[in-house]
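**Student:** Below you will find the structure I want to go over with you.
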Amino acid sequence: MVAMDYQPDAQGQESYILCADCGTVISSANGAGLCVGCLRNTVDITEGIPKEAALNFCRGCERFLSPPNSWVTVQPESRELLAICLKKIARPLMKVRLIDASFIWTEPHSRRIKIKITIQKEVLAHTVLQQTFELLLVVHTGQCPACTRLAAKNTWKASVQVRQKVTHKRTFLWLEQLILKHNAHKDTISITEKRDGLDFFYTERNMAIKMVEFLTGVVPIRIKASEQLISSDTHSNTSNYKFTYSVEIVPVCKDDLVCLPKAQAKSWGNISQLVLCSRVGNTIHLLDPMTLQQTDVTAPVYWRNPFESLTTVADLVEFVVLDIEPSGPVRGKYVLADAQVTRASSSGNNTDDDGMGDDGIYHTRTHLGGILQPGDTVLGYHLTNTNFNHDSFEALDQGRIPDVILVKKTYPNRRRKSRPRNWKLKSIAKEAEDVQEGGNTVGRGALGRRGGVDQKNVERDYELFLRDLEEDKEMRAAINLYKAEDPTAANAAGGVADEDVGMGEKKSGSGLKGGKRRVTIAPTSGTAGGMDVDEDMGGEEHTQTEGSEADDEEEEDFPEIDMDELLEQFDEMDMDDGGAGMEGSQVV
């Protein structure tokens, strides 16, 4: 028997051929008849794909141009930057298959970006060639259209003019903090301060409309829009406009005393005509301190029948609480109570031989029964022997007008201590038009801190605004407070030390406990009592102490701000001339 070896079928065996160029043994399945090296030398699949390109970079806003015409902010060696680079060769890449792309490290200052790209392409039948090449992108610095318009003058396309016809700036100080918290100024290219308000400028109309919508949600306003034709092209039927939105805020502010017309008061739930403005949000909250009845007035309702404040916080007078007794309903934080008060300082009308004035004891009802105690100092409106040029007030029954309307509690002992605040606020720098005698000057800085139309009044309003934040938790909850690393420096940056700032040219009394009384040498009949003033307002004040030294005592219920309410990482802003803005907005 003969042994036979198994021989496989020739059809199942792999055959080999020689490369047509170099003679290398290759598989017969290679339809090109060339080895890989000779095939790459013969066919270049990267042909038609540029190996160099330019990348546009804006030095002003540090954004890259994403074709065709959008500018985006990206991080170095990020996926977004890689996508922008590949867009430069997007059309040639459509003819091949992209396998991989990655960055090659280069010096940051070289203005060069290298990318390693791997592609595949079928060159012949059943022959796919893979190849790797480098793409070099040269970063060209310049300016984007937004920065170009920003560098030029009068290139804004839309503006929002915010105005309020009042004598103080506290509303805009509050509005400034709301804008900072919600970052509503991120699209603003410049902010200009005017005598009655602020102007916001934008490069696009929709940005201005967004700002107007934000203002509508935080304060009661009315809006008037206008447009101005800049240029037009009759051939393409296109026009260039500038849009202006005039926003007027209601002139009624927090703690103002309002006298409503009789018909209007009846239509709003038969509320009393003499009411206090307890709060201003997107509506006006009115409170009757005698009955605790409240009503909300929306912006459309107000502008249908507008009314003005009878008197403002500039006319507040200090009173000392002699006795208080809750005697009515309780609505939220308001407690109706009967109070006996007397003026903390003499008005000068009833001064005796010893200089000790006495204006008498006044009985009134108040909504502050929950926080007032005998001996406390409270601010209120003294309506006795006052004259107002107001038709609705003159029509009131004189027997139904209270002598005193209490507004809010104050803390004169604590104010007298020069203690720096452990918190501070952010601010947006603005340009102020300060027109003085003998010429026009431009003051730079931030409203309420440095600069402004009236430096003294702005500093006073800013200090009163800080006090309102300390005494009102609801106001603090709506804005951001930041920790002050150096409270002394923070106090100096605030523009006013933690001392008593008067409401106008008024001299004051002490309102202290322990039988203490402050008198003014040689008072005049025209001097009115106001809020306590510790700074030198032109007259010398002396203090007489009877009994114990009560001037060192502080109010136990002074509203301290907890450290938990303060935020970290407060970035100091450049408040010098030409100070920088925030989030891309230029502040001039």
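**Student:** Somewhere in the range 243-258, is a residue open to solvent by less than 20 Å² (accessible area, probe 1.4 Å), under 17 Å from residue 401 (Cβ atoms) and assigned to a strand (DSSP E or B)?
**Tutor:** Looking through the range 243-258, at least one residue is open to solvent by less than 20 Å² (accessible area, probe 1.4 Å), under 17 Å from residue 401 (Cβ atoms) and assigned to a strand (DSSP E or B).
**Student:** How many residues does the range 308-343 contain that are crowded, with 16+ Cβ neighbours inside 10 Å and among the basic types (Lys, Arg)?
**Tutor:** 1
**Student:** Now for a separate question. For residues in the range 13-28 being assigned to a loop (DSSP other than H, G, I, E, B) and open to solvent by less than 40 Å² (accessible area, probe 1.4 Å), which is modelled with the highest pLDDT?
**Tutor:** For the range 13-28, the residue satisfying everything is 19.
**Student:** Let me ask something else about it. How about the range 261-298: which of its residues are in a strand (DSSP E or B) and of a type in the set (Asp, Glu)?
**Tutor:** So in the range 261-298, the residues in a strand (DSSP E or B) come out as 274-280, 283-287, 294-298.
Result: 296, single match.
**Student:** Continuing with this model, one more query. Of all the residues that make up the range 176-207, how many are outside any loop (DSSP other than H, G, I, E, B) and free of Cβ contacts under 8 Å to residues at least 60 places away in the same chain?
**Tutor:** Let us first name the residues in the range 176-207 that are outside any loop (DSSP other than H, G, I, E, B), namely 176-182, 190-194, 197-202, 205-207.
Okay, now just the ones that are also free of Cβ contacts under 8 Å to residues at least 60 places away in the same chain, so 182, 197, 199-202, 205-207.
Residues that pass the stated criteria total 9.
**Student:** Then there is this: Inside the range 56-137, counting only strands (runs of 3 or more DSSP E) that do not spill past its ends, which hold 1 or more residues that are touching a residue at least 40 places away in the same chain (Cβ under 8 Å) and open to solvent by less than 90 Å² (accessible area, probe 1.4 Å)?
**Tutor:** Details: elements: 63-66, 70-72, 97-104, 112-124.
By residue number, 63-66, 70-72, 112-124.
**Student:** When residues of the range 29-55 are filtered for being exposed (fewer than 12 other Cβ atoms within 10 Å of the Cβ) and modelled with pLDDT under 70, how many remain?
**Tutor:** 2
The values are calculated or read from the model by the stated rules, or taken from the named source; none is laboratory data. Since this is a predicted model, take the numbers as computed values, not measurements. Please note: Cβ atoms are built from the backbone with ideal geometry, for glycine as well, and neighbour counts cover all protein chains shown. Calculation scope for accessible area: heavy atoms of the full protein, side chains included, ligands and nucleic acids excluded. Shrake-Rupley method; radii C 1.70, N 1.55, O 1.52, S 1.80 Å.
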